[in-house]
Amino acid sequence: MPGPGPGGRAAGRPEVADILRLALADLGPERAWTEVMMPALRAAGRKWAADGEQYVEVEHLLSWHVSAALRAVAVTPARFRSGPPVLLAAMPAEQHTLPLEAVAAGMAVRGLPYRMLGATVPARALLDAVQRLGPSAVLLWSQSERTADPLLARQVDRAVWGPPGSRTRPLVVAAGPGWHRHDPPAPTGRPRTLEAALDLIEQSFTARPPTTRPAEPPR
């Protein structure tokens, strides 16, 4: 990527935003993330790692633009289906959330209701949100093995609500490379791609009747 200067273009210039916006419009969030955004982020990361962190600012600028582009899609007014939302959260020690934002953008396009909790969600706050919202699924993102928390995943998996005889519990989706060496609780989903995660969430959402959701507090 050319550097800033009279004859070059920096990652912070509008051209990057336009490229990402057009990729999302032409390909949709799933393909734009897999075919454009993720390869570009990996290339930027390899560049600064190989050059002694000389180009770390390029990766940061690119990450900011990717996040802005995905959030623009995720919050665009859309006709969402009726039913319990899906809860999206990073593990308590996890600060990387771009993949979560890609999930949110994909859900918005599919019309699946969701609630985004974002990075470093405290365990107690996550469990309280599960009980309040009664989600059809809870996606737990972990970028590295260090941030994955199987115990917390099991606690989410054991959450139940609803009247006796018709108890409901969420599908727990353990997403991200941090889970690869951990054994999540059954029947936790373990998708390896954005498309697989969205398909799994959509199947879970479709299988859950909206009448099982507890009253939802105001946004």
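The values are calculated or read from the model by the stated rules, or taken from the named source; none is laboratory data. All figures in this text were calculated on a predicted structure; none of them were measured in a lab. For the accessible areas, the whole protein counts, side chains as well, though only heavy atoms, and no ligand, DNA or RNA atoms are used. Shrake-Rupley method; radii C 1.70, N 1.55, O 1.52, S 1.80 Å.
Brief remarks follow.
- In the context of the full set of protein chains, region 129-175 has a per residue accessible area of 42 Å² (1.4 Å probe).
- Probe 1.4 Å, all protein chains present, accessible-area order of Ser144, Ser136, Ser82, largest first: Ser82, Ser144, Ser136
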